[in-house]
DNA sequence: GATAATCCGGTTTTT
DNA sequence: CCGGATTATC
């Protein structure tokens, strides 16, 4: 609705600015400093989202600009959505017209408008990481690069870092290539880019890089000037996470009006491994001379104790811009001390955490206000097991996302070929899926013809189905496949797109493939496919939908259930909870050994920032824990408490280690060896690993191994007969003595 | 051209 | 230990 944006017809009188009510002086400053470059250094929990949204609303409500003159950039779709909602609440329908979104979504929007400047058509495909790798692999094969010695992943990593820095193949410095791929990485990069253009496709990095490239070309300065004029006000969230390409993109667009406001926190920069450069903050001051710097330091989230702990920890980092969190309210109660607990092993740690969760729950705490934040994904298992066995509801956030599932990607590949006949990667994916007797040989032939005649695979397949180059069987199968795609494509204008999607999946035999499959997860996959088709209803067309899924990979659980949340520290950035558990604070795990091995002191500092992020997620209570022993790849390994535990100021913590543990409170340190408890526990572990395979004692839920059927999980026990859901072989009845506990 | 054997590696992740 | 991805085999 554009009906209610008529603000500059009736200028507001001074004082009639209710949207500014309740801001503290620093926040108010940041909101009102609309003109000129502004850098807002905003500590955790200091209300930066509020500042950003209010600032946006303020510009609109004081009629400084029309919504389409504002560019507001976030990192995640979630943040973009939230911001739009909150701005809507303040200004109404006008919020719809703001250029607000993620870097990638905005880049895609810009690029679709000017695709021809990058050699693309405006309906280009956006590849996901899977497609990217497959494409690069093909390129590497074509260039005779040994994929054993240099994995496509590592080459892709280098290419992406180049893209993050805004470098086209021609701009990569000669000394940069290194030994990777026999020093031919730049050549691979160039070939990869050429293939992308030929496929009318982009990877994520290209969404920005292509814009950057055409905006920098002398030939397109008129367009750049137009864009610069349009964006009178620019706002950037999570500025510490921007990479160089994003920085350059912003700088170009901000050049004319120079009304750019970046909000960030150098202490929360945890994505350098993905190309983010905190240095962009420093660079900002240099490039935008006279930039105003506003610090938001009043924290309204956490107790003073938590703030003191977090500040104490982060003070160990050198080279910070300097920012001290202080309690937002002077009268705030200190709050409970942080529990720092040492446990014997991972199992004990999980037990400890879940016991505390139950205690908090008994005291009236909501489970949804408790979070277990881990360093790495694999750490969730122990907690899940414990939570399952105690019956505490939980959810793991992260992991495989909906649109990354195999069956969803397959289905999308079908849709892509229908909508985009030149999408070779999609075509290849479903070429012989379900199995239709077309193999490697046929694919090769098709590829060769495609390359020789310069047409997409689908077209080559069509040509092959008209000649005798293939055997009769392959030829007719191919002909049928091509005809199917033609038919589906002809239905696009005449049929409801969700219905068509269902038709495609049915007629292609894809649905049937899973119906016939009797592995335990086939049912779930069919349900996912149904969900996919249902999700389509919410879009206007298949094309719209494909754009959405390529840019919005997240799954949002709409249902807010009262559950403990388990996620990685990275995933928790931007969130907050009353009670936060930070397990696994052991040297090697956190800080992660590899972070230090690969990036030395810098790596360590980033790990420390991650710890800082973790600590500052908590409003009220924090529980840090570490285990002396852990099973890693089935081997027991002993570790020391993380140095970060020692960096928490003493007055903020209650340290409590099981007596006799390494790293217990110092006065106990010499008592560890003869401590009875540890002796008992050592004994426990001596006997536990599979010395006895107790027959007849398998419980439901136990993971087992069978010589013939492989791994599975017990679903029922009946005397010495077990029902087991095998991962590969499906449901079987077996005699218990034929399986061992996995 | 499809299935079984074997080898490898094993942080963080949004778009 | 375990999943995947490439090789070996029918």
If I filter segment A:147-166 for residues that are crowded, with 20+ Cβ neighbours inside 10 Å, in a loop (DSSP other than H, G, I, E, B) and touching a residue at least 40 places away in the same chain (Cβ under 8 Å), do I get at least one hit?
yes
Being more than 31 Å from the chain's Cα centre (by Cα) and closer than 12 Å to residue A:510 by Cα is the filter; apply it to segment A:427-445 and report the residue that is surrounded by the most Cβ atoms within 10 Å (Cβ to Cβ).
A:436
Evaluation of residue A:109 against (1) at pLDDT 90 or above; (2) crowded, with 19+ Cβ neighbours inside 10 Å; (3) under 30 Å from residue A:190 (Cβ atoms); (4) within 15 Å of DNA strand B (Cβ to nearest atom) (one fails), failing number
(2)
Out of all the residues in segment A:86-96, is one or more buried (at least 21 other Cβ atoms within 10 Å of the Cβ) and within 27 Å of the chain's Cα centre (by Cα)?
yes
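Identify, from the list A:247, A:239, A:271, the residue that is buried (at least 19 other Cβ atoms within 10 Å of the Cβ), touching a strand residue (DSSP E or B) at 6+ places or on another chain (Cβ under 6 Å) and farther than 30 Å from residue A:336 by Cα. So that I can check it myself, show each step before the final result.
Values: A:247 fails: touching a strand residue (DSSP E or B) at 6+ places or on another chain (Cβ under 6 Å); A:271 fails: touching a strand residue (DSSP E or B) at 6+ places or on another chain (Cβ under 6 Å).
Answer to the check: A:239.
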Enumeration of residues in segment A:635-647 that are over 14 Å from residue A:586 (Cα atoms) and touching a residue at least 12 places away in the same chain (Cβ under 8 Å)
A:636
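From the list A:34, A:49, exactly one residue is part of a loop (DSSP other than H, G, I, E, B), at pLDDT 85 or above and crowded, with 16+ Cβ neighbours inside 10 Å. Which is it?
Values: A:49 fails: part of a loop (DSSP other than H, G, I, E, B).
A:34 is the lone residue from the list that is part of a loop (DSSP other than H, G, I, E, B), at pLDDT 85 or above and crowded, with 16+ Cβ neighbours inside 10 Å.
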Out of everything in segment A:572-588 that is outside any loop (DSSP other than H, G, I, E, B) and in contact with a strand residue (DSSP E or B) (Cβ under 8 Å, 6 or more places away or on another chain), what residue ends up being surrounded by the fewest Cβ atoms within 10 Å (Cβ to Cβ)?
A:578
Matching residues in segment A:242-264 - criterion: being outside any helix (DSSP H, G or I), over 20 Å from residue A:595 (Cβ atoms) and touching a helix residue (DSSP H, G or I) at 6+ places or on another chain (Cβ under 6 Å):
A:242, A:255, A:256, A:260, A:262, A:263, A:264
Pull up segment A:308-321, narrow it to residues that are more than 25 Å from residue A:38 (Cβ to Cβ) and assigned to a helix (DSSP H, G or I), then point me to the one that is nearest to DNA strand B (Cβ to nearest atom).
A:313
Strands (runs of 3 or more DSSP E) completely within segment A:599-678 that count 3 or more residues being under 36 Å from the mean Cα position of the chain (by Cα), more than 16 Å from DNA strand B (Cβ to nearest atom) and modelled with pLDDT of 90 or more
A:618-632, A:653-657
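Take the residues of segment A:125-146 that are over 23 Å from the mean Cα position of the chain (by Cα) and not in a helix (DSSP H, G or I): which is surrounded by the fewest Cβ atoms within 10 Å (Cβ to Cβ)? Talk me through it step by step, then tell me what you get.
Of segment A:125-146, the ones over 23 Å from the mean Cα position of the chain (by Cα) are A:137-146.
Narrowing further to those that are not in a helix (DSSP H, G or I): A:143-146.
Values: A:143: 14, A:144: 8, A:145: 22, A:146: 10.
It comes out as A:144.
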Tally, over segment A:69-105, of residues that are within 21 Å of residue A:36 (Cβ to Cβ) and assigned to a helix (DSSP H, G or I):
1
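I'm trying to understand the selection: among the residues of segment A:462-488, which are over 30 Å from residue A:532 (Cα atoms), surrounded by fewer than 19 Cβ atoms within 10 Å (Cβ to Cβ) and touching a residue at least 24 places away in the same chain (Cβ under 8 Å)?
Applying the first criterion (over 30 Å from residue A:532 (Cα atoms)) to segment A:462-488 yields A:463-476.
In the following step, the residues that additionally are surrounded by fewer than 19 Cβ atoms within 10 Å (Cβ to Cβ) were identified as A:463, A:466-469, A:471-473, A:475-476.
Residues satisfying the conditions are A:469, A:473.
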Within segment A:387-404, residues more than 9 Å from DNA strand B (Cβ to nearest atom), closer than 15 Å to residue A:561 by Cβ and touching a helix residue (DSSP H, G or I) at 6+ places or on another chain (Cβ under 8 Å) come out as A:387, A:392, A:393, A:394, A:396
Scan segment A:489-498 and tell me whether some residue there is under 19 Å from residue A:407 (Cα atoms), surrounded by 15 or more Cβ atoms within 10 Å (Cβ to Cβ) and within 14 Å of DNA strand B (Cβ to nearest atom).
no
Within segment A:278-297, how many residues turn out to be outside any helix (DSSP H, G or I) and in contact with a strand residue (DSSP E or B) (Cβ under 6 Å, 6 or more places away or on another chain)?
7
All-but-one check, residue A:458 against (1) modelled with pLDDT of 90 or more; (2) away from DNA strand C (no atom under 16 Å from the Cβ); (3) farther than 18 Å from residue A:480 by Cβ, failing number (3)
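Taking the residues in segment A:62-85 that are in contact (Cβ under 8 Å) with a residue 40 or more places away in the chain, in contact with a helix residue (DSSP H, G or I) (Cβ under 7 Å, 6 or more places away or on another chain) and over 20 Å from residue A:255 (Cβ atoms) as candidates, determine which candidate is surrounded by the fewest Cβ atoms within 10 Å (Cβ to Cβ).
Ranking the candidates gives A:63 first.
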Against the conditions (1) more than 16 Å from DNA strand B (Cβ to nearest atom); (2) without any contact (Cβ under 8 Å) to a residue 12 or more places away in the chain; (3) not in a helix (DSSP H, G or I), where does residue A:359 fall short? Just the number, please.
(3)
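The values are calculated or read from the model by the stated rules, or taken from the named source; none is laboratory data. Please read all numbers here as calculations on a predicted model, not as lab measurements. Ideal geometry is used to build each Cβ from the backbone, glycine not excepted, and the neighbour counts take in all protein chains shown.
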